[in-house]
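One structure is given below, encoded as structure tokens.
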Amino acid sequence: YRIVLDSNARINTSADLFKDRGPVMVVTADFTSQSRISALEAVGAEVVRVTGRNGQVDMEKLFRLLADRGITRILVEGGSAVLGSLFDLGLVDKVVAFVAPVILGGRSAISPVGGDGISSISEALRLHRSNVDIIDGDVIITGYTR
């Protein structure tokens, strides 16, 4: 089951995601136009509106909705804002972080995890039962938050 978080339902309806087999759910906000919803439904997507603060998807409501449907394990490939909100809400149980041997930087560089963050290193979330592997030159760090 593939779930796309897209508050504005901007995903291209010709994306490969809709050509592959298997169900696709697009989770969007209440203000999404009916024409966008109809276009997504026309390519086979189920469109679910889950609005939270500032027109963003309410992640706690979404996770409850998914749990009600029997979906209790979720792999999230997300950007900084999505990952940050999940950490801020305590919705992350396991982390599998891929670190490539590539250096990006600069004052305006995007952090891999956004959200509220922490004010001191002593407040940092520490992973337990962690493991480190190297595959094709990438470092993979796996650990649990509890």
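The values are calculated or read from the model by the stated rules, or taken from the named source; none is laboratory data. Just so you know, these numbers come straight off a predicted model, no measurement behind them. Cβ placement follows ideal geometry from the backbone for every residue including glycine, while neighbour counts extend to all protein chains displayed. Just so you know, the surface numbers come from the protein's heavy atoms only, side chains and all, with ligands and any DNA or RNA stripped out. Shrake-Rupley method; radii C 1.70, N 1.55, O 1.52, S 1.80 Å.
Based on DSSP H segments of at least four residues, each scored -39500 (n - 2.57), the chain has a per-residue ellipticity at 222 nm of -5500 deg cm²/dmol. Taking amide H as placed 1.01 Å from N in the peptide plane, the amide H of VAL47 sits under 5 Å from that of VAL26, each at least 5 places away or on another chain. Give the calculated FRET efficiency between SER122 and ALA81 to the nearest 0.05, with a Förster radius of 22 Å applied to their Cβ-Cβ distance. So the FRET efficiency works out to roughly 0.30. Just the number please: accessible area per residue for the stretch 16-105, 1.4 Å probe, all protein chains included, in Å². Spelled out: the 1.4 Å probe surface of the stretch 16-105, per residue, equals 65 Å². Solvent-accessible area assigned to carbon and sulfur over the chain amounts to 52 percent, based on a 1.4 Å probe.
Identify the residues of the stretch 88-115 with backbone N under 18 Å of a label point that sits 7 angstrom from the Cα of ARG129 along the Cα-to-Cβ direction, or state none. Inside the label zone: 91-97. Scanning residues 5 or more positions from ILE3 or on other chains, those with amide H under 5 Å from its amide H are MET25, with H placed 1.01 Å from N in the peptide plane.
In order along the stretch 89-106, phi translates into HN-Hα couplings of 8, x, 9, 9, 9, 9, 10, 10, 9, 9, 10, 8, x, 10, 9, 10, x, x Hz, rounded to whole numbers, per the Karplus curve 6.51 cos²θ - 1.76 cosθ + 1.60 with θ = phi - 60° and x for Gly and Pro. Taking a ≥ b ≥ c as the square roots of the eigenvalues of the Cα gyration tensor, the chain is prolate, since a/c reaches 1.5 or more and a/b is larger than b/c. Length gained on full extension, ARG73 to VAL139, computed as 0.36 nm times the residue gap minus the Cα-Cα distance: 21.4 nm. Shown in residue order for the stretch 140-146 are the 3J(HN,Hα) couplings computed by the Karplus curve 6.51 cos²θ - 1.76 cosθ + 1.60 at θ = phi - 60°: 10, 10, 10, x, 10, 7, 10 Hz (x for Gly and Pro).
Can you give the FRET efficiency to the nearest 0.05 for ASP30 and ALA97, using r as the Cβ-Cβ distance and R₀ = 35 Å? For R0 = 35 Å, the calculated efficiency reads 0.60.
Classify the stretch 2-71 as rounded, prolate or oblate, taking a ≥ b ≥ c as the square roots of the eigenvalues of its Cα gyration tensor: rounded when a/c is under 1.5, otherwise prolate if a/b is larger than b/c and oblate if not.
Taking the square roots of the gyration eigenvalues as a ≥ b ≥ c, the stretch 2-71 is oblate.
Backbone phi angles across the stretch 25-30, fed through the Karplus curve with coefficients 6.51, -1.76 and 1.60 (θ = phi - 60°), yield HN-Hα couplings of 10, 10, 9, 9, 9, 4 Hz in residue order; Gly and Pro are listed as x. Filter the trypsin sites (Lys or Arg not before Pro) in the stretch 1-103 to those in DSSP coil with at most 14 other Cβ atoms within 10 Å of their Cβ, and list the result. When the trypsin sites (Lys or Arg not before Pro) of the stretch 1-103 are filtered for loop state and at most 14 Cβ neighbours within 10 Å, ARG10, LYS19, ARG21, ARG69, ARG73 remain.
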